[in-house]
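Participant: Structure provided below as structure tokens; questions to follow.
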Amino acid sequence: MNIAVDIKEISKAYESIKALDQMSLSVNKGELFGFIGPDGSGKTTLFRILTTLLIPDTGSAIVEGYDTVKEYKKIRRITGYMPGRFSLYPDLSVEENLQFFASIFKTTIKENYHLIKDIYSQLEPFKSRPAGKLSGGMKQKLALSCALIHKPVILFLDEPTTGVDAVSRIEFWDMLDRLKLEGITILVSTPYMDEASRCDRVALMQEGRTMVVDTPEGIVKSYKNSLVAVKSSNMYKLLFDVMECPGTLYAYRSGEFIHIEVKEEEEMMEKISAFLSERGHQDIVVKKIIPSVEDSFMALMTND
């Protein structure tokens, strides 16, 4: 079997709030798989179930051949888990935290140092500093080191780059690429759509459901209509006006532009420009663009 994680019709509710709704998918061994979605889409609940910290209301999950409910002890020995919130001991030093987690799994820092060398080498100058006094990026690197120190078969990373600066985010994903070469299966959740392109496959999530599971390239190729980027000297008014433009299916702000999904029509860009000129807009820029994963996500939500 080449499947590392097999999720079958999992549901989980907190009183009247349904966090997961009949979710099913599988992750292949050695894959870097991303769960992409906004806060509240069910990513953390799913990861807690897969790491045996929660029991699903219905459905089942198999991790490396073990049932998450019946065989949770076996799963805990072979997985690494980095929760969304910093969960290490803030009063212990960097080195003491790492030694503690190594001892839990009856191993040593020396034995598996090759796995964390690239990460921990950046922390070693601060190895005597209390973990609670590290910067956000350094806390992230320490948490990943602690999750890797027992050489897990599968690694779960729940929103590891949230609140981290842009440079540290790029460095972190570069680390994941190197870890994948070690044969480790990596599951990572993130609200950042731009990080989807770093994954082999992704699941786009919304309200506890998967809207689509595919490669980033496959998701972009499945975009059905045309996408146009528009800006003018009055961006606030522009958003309202483009919604009234004939042929507009939906529109939303994306950086310095407003992205508009339109039906494929001849001279559509000219029609948009003329319509906005009639509405009093100046310095109008209208151009056709290639959809991103974020654009595909927005289209799926709109057409759901």
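Participant: Does Gly247 qualify as being touching a strand residue (DSSP E or B) at 6+ places or on another chain (Cβ under 6 Å), without any contact (Cβ under 8 Å) to a residue 40 or more places away in the chain and not assigned by TED's automatic domain parsing to the domain that holds Ile49?
Facilitator: Yes: the conditions hold for Gly247.
Participant: Within the range 54-91, work out how many residues are surrounded by 14 or more Cβ atoms within 10 Å (Cβ to Cβ), without any contact (Cβ under 8 Å) to a residue 12 or more places away in the chain and under 21 Å from the mean Cα position of the chain (by Cα).
Facilitator: The number of residues fulfilling the criteria is 0.
Participant: Can you find, within the range 14-37, the residue that is surrounded by the fewest Cβ atoms within 10 Å (Cβ to Cβ) among those that are part of a loop (DSSP other than H, G, I, E, B) and touching a helix residue (DSSP H, G or I) at 6+ places or on another chain (Cβ under 9 Å)?
Facilitator: Result: Gly30.
Participant: If Glu261 satisfies every condition in (1) within 30 Å of Leu32 (Cβ to Cβ); (2) touching a residue at least 60 places away in the same chain (Cβ under 8 Å) but one, which is the exception?
Facilitator: (2)
Participant: Give the residues of the range 2-21 that are at pLDDT below 95 and on the phi > 0 side of the Ramachandran plot, sorted by residue number.
Facilitator: Matches in the range 2-21: Glu15 only.
Participant: Ok, one more. Please go through the range 38-68 and give me each residue that is in a loop (DSSP other than H, G, I, E, B) and either farther than 14 Å from Val5 by Cα or among the small types (Gly, Ala, Ser) (or both), ordered by number.
Facilitator: Within the range 38-68, Pro38, Asp39, Gly40, Ser41, Gly42, Leu53, Leu54, Ile55, Pro56, Asp57, Gly65 meet the criteria.
Rundown of residues vs (1) exposed (fewer than 14 other Cβ atoms within 10 Å of the Cβ); (2) at pLDDT 90 or above; (3) outside the structural domain of Val27 (by TED's automatic domain parsing), yes/no style:
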residue	(1), (2), (3)
Ser168	no, no, no
Met175	no, no, no
Ile184	no, yes, no
Leu187	no, yes, no
Thr190	no, yes, no
Arg198	no, yes, no
Ala203	no, yes, no
Leu227	no, yes, yes
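Participant: Would the range 261-269 turn up any residue that is surrounded by 14 or more Cβ atoms within 10 Å (Cβ to Cβ) and in contact with a Phe, Trp or Tyr (Cβ under 8 Å, 6 or more places away or on another chain)?
Facilitator: yes
Participant: Look through the range 92-112, keep the residues that are small (Gly, Ala, Ser) and in contact with a helix residue (DSSP H, G or I) (Cβ under 9 Å, 6 or more places away or on another chain), and return whichever of them is surrounded by the most Cβ atoms within 10 Å (Cβ to Cβ).
Facilitator: Only one residue tops the list, namely Ala102.
Here is a yes/no grid of residues against (1) under 18 Å from Ile219 (Cα atoms); (2) not hydroxyl-bearing (Ser, Thr, Tyr):
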residue: Tyr252; (1), (2): no, no
residue: Ile258; (1), (2): no, yes
residue: Glu270; (1), (2): no, yes
residue: Ser273; (1), (2): no, no
residue: Glu278; (1), (2): no, yes
residue: Lys287; (1), (2): no, yes
residue: Ser292; (1), (2): yes, no
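Participant: Hey, another quick one. Output the residues belonging to the range 113-140 that are surrounded by 12 or more Cβ atoms within 10 Å (Cβ to Cβ), more than 16 Å from Met82 (Cβ to Cβ) and among the polar types (S, T, N, Q).
Facilitator: Of everything in the range 113-140, those that are surrounded by 12 or more Cβ atoms within 10 Å (Cβ to Cβ), more than 16 Å from Met82 (Cβ to Cβ) and among the polar types (S, T, N, Q) turn out to be Gln122, Ser135.
Participant: Out of the range 195-206, which residues are outside any strand (DSSP E or B) and in contact with an Asp or Glu (Cβ under 7 Å, 6 or more places away or on another chain)?
Facilitator: Once the filter is applied, which keeps residues that are outside any strand (DSSP E or B) and in contact with an Asp or Glu (Cβ under 7 Å, 6 or more places away or on another chain), the range 195-206 yields only Asp200.
Participant: For the range 135-188, name all the residues that are over 19 Å from the mean Cα position of the chain (by Cα), among the polar types (S, T, N, Q) and assigned to a helix (DSSP H, G or I).
Facilitator: Ser145
Participant: How do the strands (runs of 3 or more DSSP E) wholly within the range 222-304 filter down when requiring 2 or more residues that are of a type in the set (D, E, K, R), more than 25 Å from the chain's Cα centre (by Cα) and within 30 Å of Val202 (Cα to Cα): which remain?
Facilitator: 285-289
The values are calculated or read from the model by the stated rules, or taken from the named source; none is laboratory data. The structure displayed is predicted, hence computed values, not measured ones. Every residue, glycine as well, gets a Cβ built from its backbone with ideal geometry; the counts of neighbours run over all protein chains shown.
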